[in-house]
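Engineer: Take this structure first; my questions come after.
The values are calculated or read from the model by the stated rules, or taken from the named source; none is laboratory data. These numbers were taken from a predicted model, which means no experiment stands behind them. Quick reminder, even Gly has a Cβ in these numbers, built from the backbone with ideal geometry, and neighbours come from all protein chains shown. Heads up: the accessible areas ignore ligands, DNA and RNA and are worked out on the full protein's heavy atoms, side chains in. Shrake-Rupley method; radii C 1.70, N 1.55, O 1.52, S 1.80 Å.
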Amino acid sequence: MATAALTAAALGGQLTGVGEAGGHIDAPSAVLDPPTDLTDVYAFTSPDDPGMVTLIANVRPFQLPGTAANALVDHPFATGARYEIHTDADGDGAPDTTYRWTFRDEDRRPFGIGPKVGPLPVTSLDDRSLGVRQKYTLEKIGEGRPAETLLRDAIASPTHTGRALMPDYGRLRTQAVRELPGGGRTVATQAAEAFKADTQVFGLYTLGTRGPVPGWLPDAQPLSVLNVNSLVLQVPKRDVALNGDVKRNPVVGVWASVSRQGADLSRSLAAQAPTYRQVSRQGTPHLAFALFGSTVGLARPGGPEDRLQARTPEDDHRQADFLAATLDPVPPHRIERAQGCKAPATPRHDIQALFMKGIGKDNGAAFGFDLNTHTMNADADPGRIVLAEELRLNLGTPLTARPEAYGVLDGDLQGFPNGRRLNDNIDGPLIRMLEGEPAGPSAADLLPKPIVGLEPADAQSVFPYLNLPHAGP
């Protein structure tokens with residue numbers, strides 16, 4: 001039902017003022033496997049500890065708030081799957097460091113039957129009222145090095161089943177936070193959806209118009225009352241910088257992926273170790289919206305959106321159709337047809353740089369200065385740097401005292417597309433850049449100010465930053 005609502009909203013946002021995030025269902029394959037559906041990736045300098053970087057991968061969208069009446073509803077991480085956050089320090093599109101979570105269920109119910117929660121309230125992760133717990137192993141894999149186990153049998157914060165059964169969810173989440181060897185911490189948890197979006201913009205992506213009377217209906221997105229699952233990781237910046245030197249090599253690319261177990265059926269299964277097939281990928285937000293103008297219902301199975309989900313960034317530069325899309329994105333042409341706003345001339349080297357190079361002074365980006373391209377890393381080999389879609393972050397960008405939701409486009413160099421903070425609103429800047437900013441005239445008038453806005457609450461200022469999941473009685 002949520003998917004159907006999402007489709008209608010994405011298509012109808014320009015008419016109703018209510019829309020949904022294409023980034024939550026970037027490809028037809030995502031609809032078929034919700035536990036692996038990556039929705040958003042965030043990467044930012046930790047505001048409460050500037051020597052650390054925080055990386056967040058959200059997955060499994062559209063979770064309704066839990067209540068005692070629907071306590072049987074559960075939204076676990078997929079067992080056996082690999083949830084991974086990757087960082088690329090040298091710009092070759094391959095991960096230099098990967099953090100990998102794998103989950104298993106610990107069923108403590110008699111005979112393995114009955115409700116997972118209750119009948120007494122859960123006040124601790126060790127309570128017997130929490131009949132099924134999810135435990136996970138967290139590994140760190142460096143390029144050319146064996147996997148290092150950072151945590152084993154850590155406990156994930158469970159699905160919130162309502163205030164009657166979980167009267168203090170904040171306490172459970174605090175108990176689930178684990179310190180990491182060598183510095184840093186992590187938590188796997190359900191959380192309130194953090195995605196901030198101007199839902200009136202969705203119609204600009206998909207049809208080229210925001211409606212007959214822009215702004216007359218509220219910018220209300222249903223995600224503001226829903227939950228997701230979140231993997232939150234905070235590590236020292238030196239752990240992800242090239243050669244551990246943030247000053248010489250401040251730029252890092254970030255993306256997340258999920259892989260499912262598979263097997264080669266042409267050989268005997270008895271002699272095979274488990275193999276994994278990537279089924280989901282997420283880096284820069286709203287890539288499908290911005291390049292193809294597509295979302296669920298508009299994309300065809302097996303199309304470019306699905307192929308991106310199964311591909312790693314190091315192979316992006318070999319995909320001619322994908323490269324062509326970055327040089328000639330669809331939405332500006334739709335906006336021209338619908339509203340008469342002339343699309344910027346192609347090829348769009350500025351958009352290709354935005355998604356595949358980062359912002360550099362001489363790489364086609366339209367900003368005119370170096371900010372977060374891998375060529376800024378002094379120890380990177382220029383001959384190995386390739387076009388690769390990643391969320392790029394300059395670890396050395398100072399914290400700003402006055403964050404701007406529209407990030408770099410509004411003069412806040414710490415915001416999107418220099419990484420992405422939880423309070424960044426990415427849709428307005430994306431549409432404006434697709435329309436030619438900052439090189440061309442402002443396209444801000446395409447984004448009418450709604451009479452009423454309903455967005456997720458601002459993120460917290462301390463780890464793990466995400467708000468507690470929505471829940472009923």
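Engineer: What do you reckon, is Ile385 closer than 23 Å to Arg334 by Cα, in contact (Cβ under 8 Å) with a residue 40 or more places away in the chain and not charged (D, E, K, R)?
Structural biologist: Taking the combined requirement at face value, the residue does not satisfy it.
Engineer: A further question on this structure: Going by the conditions given, is Leu291 within 30 Å of Arg210 (Cα to Cα), assigned to a helix (DSSP H, G or I) and not charged (D, E, K, R)?
Structural biologist: yes
Engineer: Next up: Taking only pairs six or more apart or across chains, which ones have beta-carbon atoms under 7 Å, a first residue in the range 34-58 that is closer than 16 Å to Thr400 by Cα, and a second residue that is assigned to a strand (DSSP E or B) and small (Gly, Ala, Ser)?
Structural biologist: Listed pairs, sorted by first residue: Val53/Ala43.
Engineer: Given the conditions (1) open to solvent by 30 Å² or more (accessible area, probe 1.4 Å); (2) modelled with pLDDT of 95 or more; (3) outside any loop (DSSP other than H, G, I, E, B), report the number of the one that Thr326 does not fulfil.
Structural biologist: Just one mismatch for Thr326, condition (1).
Engineer: Between residues in the range 239-260 that are in contact (Cβ under 8 Å) with a residue 12 or more places away in the chain and residues that are part of a helix (DSSP H, G or I) and among the charged types (D, E, K, R), which pairs lie under 9 Å by C-beta distance while being six or more apart or on different chains?
Structural biologist: Between residues of the range 239-260 that are in contact (Cβ under 8 Å) with a residue 12 or more places away in the chain and residues that are part of a helix (DSSP H, G or I) and among the charged types (D, E, K, R), the close pairs are Asp245/Arg238; Val246/Lys237; Val246/Arg238; Pro250/Lys237; Val252/Lys237.
Engineer: Could you pull out the residue among Ala380, Ala388, Ala471, Ala405 that is more than 29 Å from Gln309 (Cβ to Cβ) and aliphatic (A, V, I, L, M)?
Structural biologist: Going through Ala380, Ala388, Ala471, Ala405 in turn, the sole match is Ala471.
Engineer: Within the range 109-123, work out how many residues are in contact with a strand residue (DSSP E or B) (Cβ under 7 Å, 6 or more places away or on another chain) and open to solvent by 40 Å² or more (accessible area, probe 1.4 Å).
Structural biologist: Result for the range 109-123: 2.
Engineer: Consider Thr67 against the criteria (1) within 20 Å of Leu422 (Cβ to Cβ); (2) open to solvent by 20 Å² or more (accessible area, probe 1.4 Å); (3) of a type outside the set (D, E, K, R): it satisfies all of them except one. Which criterion is unmet?
Structural biologist: (1)
Engineer: Pairs, please: C-beta under 8 Å, at least 6 apart or cross-chain, first residue within 22 Å of Arg420 (Cα to Cα) and at pLDDT 80 or above and in the range 287-300, second part of a loop (DSSP other than H, G, I, E, B) and of a type in the set (D, E, K, R)?
Structural biologist: Leu287/Asp26; Leu287/Glu389; Ala288/Asp26
Engineer: Give Asn418, Asn377, Asn363, Asn394 a once-over and let me know the one that is more than 21 Å from Phe289 (Cβ to Cβ), polar (S, T, N, Q) and open to solvent by less than 10 Å² (accessible area, probe 1.4 Å).
Structural biologist: Details: Asn418 fails: more than 21 Å from Phe289 (Cβ to Cβ); Asn363 fails: open to solvent by less than 10 Å² (accessible area, probe 1.4 Å); Asn394 fails: open to solvent by less than 10 Å² (accessible area, probe 1.4 Å).
None of the others qualify; the one that does is Asn377.
Engineer: For the range 133-149, which residues satisfy the criterion of being open to solvent by less than 50 Å² (accessible area, probe 1.4 Å) and in contact (Cβ under 8 Å) with a residue 40 or more places away in the chain? I'd like the intermediate steps shown before the answer.
Structural biologist: The first filter runs over the range 133-149 and keeps only residues open to solvent by less than 50 Å² (accessible area, probe 1.4 Å), leaving 133-142.
Scanning the range 133-149 gives Gln134, Tyr136, Leu138, Glu139, Lys140, Ile141, Gly142.
Engineer: Here is a follow-up. Can you list residue pairs whose Cβ atoms sit under 7 Å apart, with the first residue in the range 309-335 being within 23 Å of Thr206 (Cα to Cα) and the second being of a type in the set (Phe, Trp, Tyr)? Count only pairs 6 or more apart in sequence or on different chains.
Structural biologist: Ala325/Phe292; Thr326/Phe355; Val330/Phe292; Pro331/Tyr205
Engineer: Now for a separate question. Gln309: outside any loop (DSSP other than H, G, I, E, B), under 16 Å from the mean Cα position of the chain (by Cα) and at pLDDT 95 or above, yes or no?
Structural biologist: no
Engineer: Given Pro121, Pro61, which one is outside any strand (DSSP E or B) and closer than 27 Å to Thr174 by Cβ?
Structural biologist: Selected residue: Pro121, the only one of Pro121, Pro61 that is outside any strand (DSSP E or B) and closer than 27 Å to Thr174 by Cβ.
Engineer: Taking Val386 as the residue in question, decide whether it is among the aliphatic types (A, V, I, L, M) and touching a His at 6+ places or on another chain (Cβ under 7 Å).
Structural biologist: Considered against the rule, which asks whether it is among the aliphatic types (A, V, I, L, M) and touching a His at 6+ places or on another chain (Cβ under 7 Å), Val386 comes out as yes.
Engineer: Looking at Arg277, Arg281, which is the one that is crowded, with 23+ Cβ neighbours inside 10 Å, modelled with pLDDT of 85 or more and not in a loop (DSSP other than H, G, I, E, B)?
Structural biologist: When all the criteria are applied, what remains is Arg281.
Engineer: Right, another one. Determine whether the range 156-167 contains at least one residue that is β-branched (Val, Ile, Thr) and either on the phi > 0 side of the Ramachandran plot or crowded, with 16+ Cβ neighbours inside 10 Å (or both).
Structural biologist: Among the residues of the range 156-167, at least one is β-branched (Val, Ile, Thr) and either on the phi > 0 side of the Ramachandran plot or crowded, with 16+ Cβ neighbours inside 10 Å (or both), which makes the answer yes.
Let's see how each residue does on (1) farther than 24 Å from Ala288 by Cα; (2) open to solvent by less than 30 Å² (accessible area, probe 1.4 Å); (3) part of a helix (DSSP H, G or I):
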| site | (1), (2), (3) |
| --- | --- |
| Val408 | no, yes, yes |
| Glu437 | no, yes, no |
| Ser442 | no, no, no |
| Asp445 | no, no, yes |
| Ala457 | yes, no, no |
| Tyr465 | yes, yes, no |
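Yes/no per residue for (1) in contact with a helix residue (DSSP H, G or I) (Cβ under 8 Å, 6 or more places away or on another chain); (2) open to solvent by 50 Å² or more (accessible area, probe 1.4 Å); (3) of a type outside the set (S, T, N, Q); (4) modelled with pLDDT under 95:
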{"position": "Leu217", "(1), (2), (3), (4)": "yes, no, yes, yes"}
{"position": "Ala220", "(1), (2), (3), (4)": "yes, no, yes, yes"}
{"position": "Leu223", "(1), (2), (3), (4)": "yes, no, yes, yes"}
{"position": "Val228", "(1), (2), (3), (4)": "no, no, yes, no"}
{"position": "Arg238", "(1), (2), (3), (4)": "yes, yes, yes, no"}
{"position": "Asn243", "(1), (2), (3), (4)": "no, yes, no, no"}
{"position": "Arg248", "(1), (2), (3), (4)": "yes, yes, yes, no"}
{"position": "Ser257", "(1), (2), (3), (4)": "no, no, no, no"}
{"position": "Asp264", "(1), (2), (3), (4)": "no, yes, yes, yes"}
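Engineer: Being open to solvent by 20 Å² or more (accessible area, probe 1.4 Å), part of a loop (DSSP other than H, G, I, E, B) and within 30 Å of Arg238 (Cβ to Cβ) is the requirement here; does Arg152 meet it?
Structural biologist: Against the criterion (open to solvent by 20 Å² or more (accessible area, probe 1.4 Å), part of a loop (DSSP other than H, G, I, E, B) and within 30 Å of Arg238 (Cβ to Cβ)), Arg152 does not qualify.
Engineer: Here's something else I'd like to know. Evaluate the following for Asp126: is it surrounded by fewer than 18 Cβ atoms within 10 Å (Cβ to Cβ) and either without any contact (Cβ under 8 Å) to a residue 12 or more places away in the chain or of a type in the set (Ser, Thr, Tyr) (or both)?
Structural biologist: In short, yes.
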